[in-house]
Amino acid sequence: MAGAASALFLLDIKGRVLVWRDYRGDVTAAQAERFFTKLIEKEGDSDSNDPVVYDNGVTYMFVQHSNVYLMIASRQNCNAASLLFFLHRVIDVFKHYFEELEEESLRDNFVVVYELLDEMMDFGYPQYTEARILSEFIKTDAYRMEVTQRPPMAVTNAVSWRSEGLQFKKNEVFLDVVESVNILVNSNGQIVRSDVVGALKMRTYLSGMPECKLGLNDRVLLEAQGRATKGKAIDLEDIKFHQCVRLARFENDRTISFIPPDGAFDLMTYRLNTQVKPLIWVEAQIERHSRSRVEMLVKARSQFKERSTATNVEIELPVPTDASNPTVRTSLGSAAYAPEKDALVWKIKSFPGNKEYMLRAEFHLPSITAEEATLREKLLSVSNSRSHISLFQEYRFGT
């Protein structure tokens with residue numbers, strides 16, 4: 001004869017015991033906690049979908065219905081298929097008695113639940129599983145749930161960010177990693193502070209209610225797994241997630257697990273406090289040829305690898321308020337005087353890595369006698385001018 005079940009547990013969606021029936025006395029209620037721990041570990045393995053878990057001499061067989069887990073624990077070499085089929089029969093019987101099998105219906109009818117479990121299994125072996133037969137000798141009144149039209153899932157806030165029933169001919173996911181580098185440099189050319197602010201932007205076109213998972217080369221996770229982190233890991237700070245991300249899962253194993261909204265959204269934003277050399281270094285030299293003519297020589301040098309390219313680069317060079325009639329020459333890109341900004345804006349559509357380009361500008365001033373000191377301060381600030389750079393790395397995945 002095949003091995004028998006030791007106990008049957010009914011658990012809520014968080015793994016808490018609602019009802020359990022001990023049939024052989026060789027397991028305890030603590031087995032439910034062990035089962036749920038193993039279940040969470042199993043969910044991390046996307047290739048494992050089997051309804052059987054083995055741990056420390058105990059075999060757990062389970063099915064999930066609505067917000068309830070039905071689980072059988074056994075210490076014997078039992079027929080797993082037979083006991084799984086028995087669990088499905090238990091679901092049918094409960095639905096016959098309570099209309100719907102949910103956590104609420106179990107709490108409202110625990111007396112009937114215990115009577116049914118006693119009749120349906122004896123010493124760990126399945127007995128009666130026909131609801132019609134059981135109804136003939138279990139006459140206890142059961143509270144039947146009223147089946148009403150349920151509001152959409154988005155209204156119940158279970159998954160408020162996504163509607164049900166979405167269908168696409170082609171399932172696609174697009175992931176863009178966008179990072180901005182902020183650097184503060186003093187007058188001596190030394191970096192005072194630098195950080196990187198990034199965002200993971202997604203566009204999803206997926207059918208149904210898909211479960212997505214994303215892993216990062218996060219130093220905390222790699223060190224926890226005992227893997228080498230030299231040059232391959234980053235320390236993420238100030239992480240902010242979209243509401244769809246399961247925070248408990250991230251805290252547990254640093255895996256970003258989520259049911260995505262439909263369309264475009266920011267999955268997460270983060271900040272890196274790290275020493276970053278300026279992607280484009282700007283140097284300026286000022287020459288005064290007369291009391292009313294000033295010439296500016298600007299050098300812009302890219303300090304990233306040749307295979308990378310900065311796009312839509314804008315370098316703002318402050319100039320005196322009363323400057324007029326600028327004459328500008330550039331070795332790459334175009335420059336224009338922006339009087340509303342009191343600046344010369346140098347635009348470069350594509351800036352290759354490890355390259356240097358020059359700009360030469362000549363300005364005419366009405367008079368610099370009265371404003372000589374102010375002019376000197378403003379022109380010298382050119383050497384510390386900001387360059388606004390947008391570097392985009394785009395990764396596309398299709399499912």
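The values are calculated or read from the model by the stated rules, or taken from the named source; none is laboratory data. A quick note: this is a predicted structure, and the numbers were derived from the prediction, not measured. Here Cβ is always computed from backbone atoms with ideal geometry, including for glycine, and neighbour counts include all displayed protein chains. When the accessible area is computed, the model is the full protein with side chains, heavy atoms only, and any ligands, DNA or RNA have been set aside. Shrake-Rupley method; radii C 1.70, N 1.55, O 1.52, S 1.80 Å.
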- Task: Could you grab the pairs with beta carbons closer than 6 Å, sequence gap of 6+ or different chains, first residue in the stretch 84-111 and farther than 22 Å from PHE137 by Cβ, second one among the charged types (D, E, K, R) and open to solvent by less than 10 Å² (accessible area, probe 1.4 Å)?
- Result: GLU103/ASP12
- What are the pairs, 6+ residues apart or on separate chains, where a residue within the stretch 276-290 that is farther than 30 Å from PRO366 by Cα and open to solvent by 40 Å² or more (accessible area, probe 1.4 Å) has its Cβ under 6 Å from a residue that is in a strand (DSSP E or B) and modelled with pLDDT of 85 or more? TRP281/ARG301
- Quick one: in the stretch 46-64, of everything that is free of Cβ contacts under 8 Å to residues at least 40 places away in the same chain and open to solvent by 70 Å² or more (accessible area, probe 1.4 Å), which residue is nearest to the chain's Cα centre (by Cα)? ASP47
- Item | Enumeration of residues in the stretch 304-342 that are among the small types (Gly, Ala, Ser), out of contact with any Asp or Glu (no Cβ under 9 Å at 6 or more places or on another chain) and free of Cβ contacts under 8 Å to residues at least 24 places away in the same chain | SER334, ALA336
- Yes/no for GLU41 being of a type outside the set (A, V, I, L, M, F, W, C) and either surrounded by 17 or more Cβ atoms within 10 Å (Cβ to Cβ) or more than 29 Å from ASP253 (Cβ to Cβ) (or both): no
- Scan the stretch 20-34 and give yes if some residue there is surrounded by fewer than 15 Cβ atoms within 10 Å (Cβ to Cβ), of a type outside the set (S, T, N, Q) and in contact with a strand residue (DSSP E or B) (Cβ under 7 Å, 6 or more places away or on another chain), otherwise no. yes
- Task: Could you tell me which residue of the stretch 295-311 is nearest to VAL276 (Cα to Cα), considering only residues that are more than 40 Å from the chain's Cα centre (by Cα) and surrounded by fewer than 19 Cβ atoms within 10 Å (Cβ to Cβ)?
- Result: LYS299
- Per the filter on the stretch 235-288, residues under 30 Å from SER308 (Cα atoms), acidic (Asp, Glu), modelled with pLDDT under 85 and out of contact with any helix residue (DSSP H, G or I) (no Cβ under 9 Å at 6 or more places or on another chain) are GLU237, ASP238
- Query: How many of the residues in the stretch 106-130 are crowded, with 17+ Cβ neighbours inside 10 Å, part of a helix (DSSP H, G or I) and over 42 Å from the mean Cα position of the chain (by Cα)?
  - Reply: 5
- Looking at the stretch 312-326, is at least one residue surrounded by fewer than 13 Cβ atoms within 10 Å (Cβ to Cβ) and at pLDDT 85 or above? no
- Residues being buried (at least 19 other Cβ atoms within 10 Å of the Cβ), assigned to a helix (DSSP H, G or I) and of a type in the set (A, V, I, L, M): count how many of those fall in the stretch 88-105. 2
- Query: Cβ-Cβ below 6 Å, separation at least six or inter-chain, first residue in the stretch 65-83 and open to solvent by 40 Å² or more (accessible area, probe 1.4 Å), second assigned to a strand (DSSP E or B): which pairs?
  - Reply: ARG75/VAL58; GLN76/GLY3; ASN77/GLY3
- Taking the stretch 279-338, which residues are among the charged types (D, E, K, R) and within 26 Å of ILE183 (Cβ to Cβ)? GLU283, LYS299, ARG301, LYS305, GLU306, ARG307, GLU314, GLU316
- Task: Among the residues of the stretch 182-196, count how many are more than 13 Å from TRP281 (Cα to Cα) and surrounded by 16 or more Cβ atoms within 10 Å (Cβ to Cβ).
- Result: 3
- Residue by residue through the stretch 106-121, note down the ones that are within 19 Å of ASN67 (Cβ to Cβ) and among the acidic types (Asp, Glu). ASP108
- Message: Among the residues that make up the stretch 153-172, is at least one of them farther than 29 Å from LYS95 by Cβ and at pLDDT below 80?
- Response: yes
- In the stretch 331-356, anything β-branched (Val, Ile, Thr) and open to solvent by 50 Å² or more (accessible area, probe 1.4 Å) is listed as none
